[in-house]
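Read the structure below first, then the notes.
Coordinate-derived values only; no laboratory data. Just so we're clear, the structure is a prediction, and the values are computed from it rather than from any experiment. As a convention, Cβ positions derive from the backbone with ideal geometry for all residues, glycine included, and neighbour counts pool all protein chains shown.
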Amino acid sequence: MPPVFRFAPSPNGYLHLGHAYSALLNHDLARQSGGRLLLRIEDIDSTRCRPEFEAAIYEDLAWLGIAWETPVRRQSEHFAAYGAAIDRLAAQGLIYPSFESRAEVARLVTGKEAGGAWPRDPDGAPLYPGMAKSLPAGERDRLIGQGAPFALRLDMVQAAARAGGLRWREAGEGPAGESGGVDARPEAWGDVILARKETPTSYHLSVVIDDALQGVTDVVRGVDLFWSTSVHRLLQDLLGLAVPAYRHHALIRDAAGQKLSKSTRATGLRELRAEGASLADIRRLVGLV
């Protein structure tokens, strides 16, 4: 079977040079290996994702000379699949609801830090400090019945213990030069959120479900997602999903050395195209000549 690659942007802004690099790299690797290239629209965030940004993704990728298979998978059309995965994890006793707001969680962290440094995940965010895991089932049911907002969290201690040691095959390089067989460290993320009352999935959950359902064999993405792979490997193991090979690539940065954002107009593909840039110019700018 030929390898299957995918490019999976979120339509919450216009694409920039960093997206171009990742999309072109996936395109080139698929072509060189005789593989397939899929396009996935990761639009679970209904408050930020907009149709005009999705239309612009298609326009920009076509301008880059990238062809993809159709139909395009749009995550907002597959909440049932993600909900089924949540149900499977819940049946294993690995999911619990937490009811604190983001502001309340922040206040809890501040209180914890008064007694010393509070642990943070690989992205620098504090680990969940609340006690929702110990709430009696009756109290959980009462709060949910009252319509209280909640997040569904993975019980990381139980989940990691059930899975045991996990690894992934890294064809690229991590932030500290990690490559080859990499040991997953999902516990570093604490009790991650897998869904919310108003959004029945999260990036971590939907990405592993999508990759498995679409038969993706090679995940090529930015090194900023390197340690997220630990959570993805854990979910793959718990849900019995196939494990793709991973290749994390360097990020395209601005003149100050910062990671590009969708608000960085100087590196936006639409702006560069309007200024007369060619595909050859884009490839040169991202180092794919």
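What residue among VAL207, VAL223, VAL105 shows peak mean-square fluctuation when the chain is described by a Gaussian network model with Cα springs under 10 Å?
Among VAL207, VAL223, VAL105, the largest mean-square fluctuation in the Gaussian network model of the chain belongs to VAL105.
Magnitude of the Cβ-charge dipole of the chain, K/R +1 and D/E -1, about the Cα centre, nearest 20 debye? Mind dumping the intermediate values first?
Details: 34 positive and 35 negative charges, 13 e Å.
That gives a dipole near 60 debye.
Starting from the Kirkwood radius over alpha-carbon pairs of the range 69-220, derive D by Stokes-Einstein at 25 °C in a medium of 0.890 mPa s and give it in µm² s⁻¹. List each step's numbers first, then the result.
On the way: Rh = 17.6 Å.
The estimated diffusion coefficient comes to 140 µm²/s.
Rounded to the nearest 20 Debye, what is the dipole magnitude of the range 1-153 about its Cα centre when Lys and Arg each give +1 and Asp and Glu each give -1 at the C-beta? Can you show the working numbers first?
Details: 17 positive and 18 negative charges, 81 e Å.
My answer is approximately 380 debye.
Based on the alpha-carbon gyration tensor of the chain, what equivalent-ellipsoid semi-axes (square roots of 5 times the eigenvalues) come out, in whole Å, largest first? Intermediate results must be reported in sequence, preceding the final value.
Working: eigenvalues 236, 88, 79 Å².
Largest first, the chain gives 34, 21, 20 Å.
Express in whole angstrom the spacing between the alpha-carbon centres of the range 78-105 and the range 115-136.
Cα centroid of the range 78-105 versus Cα centroid of the range 115-136: 17 Å apart.
Using Cα pairs closer than 8 Å and at least 6 residues apart in sequence, work out the relative contact order for the chain, in percent.
24
Considering Cα pairs under 8 angstrom that are at least six residues apart, work out the relative contact order of the range 1-115 and quote it in whole percent. Spell out each step's value before the answer.
Working: 117 pairs, mean separation 30.8, N = 115.
Computed value for the range 1-115: 27 percent relative contact order.
Report the net charge of residues surrounding PRO186, where surrounding means a beta-carbon distance below 14 angstrom and charges are Lys +1, Arg +1, Asp -1, Glu -1. Could you put the intermediate results ahead of the total?
Working: positive: ARG153, ARG162, ARG167, ARG185, ARG233; negative: ASP121, ASP123, ASP155, ASP183, GLU187, ASP191, ASP237.
Net of charged neighbours comes to -2.
Once each part is reduced to its C-alpha centroid, what is the distance from the range 205-248 to the range 154-202 in angstrom?
9
State the Kirkwood hydrodynamic radius of the range 113-172 in Å, one decimal place, computed from all pairs of distinct Cα atoms. List each step's numbers first, then the result.
Working: mean 1/r = 0.0664 Å⁻¹.
Mean inverse Cα-Cα distance, inverted, gives 15.1 Å.
How much of the DSSP beta bridge set in the chain is antiparallel, as a percent to the nearest 5?
On the way: 14 of 27 bridges.
Looking only at bridges with both residues in the chain, the antiparallel portion is about 50 percent.
Over all Cα pairs of the range 38-103, how is the pair count split among 10 Å bins, expressed in % and running from 0 up to the last occupied bin?
Histogramming the range 38-103 at 10 Å steps yields 16, 33, 28, 17, 6 percent.
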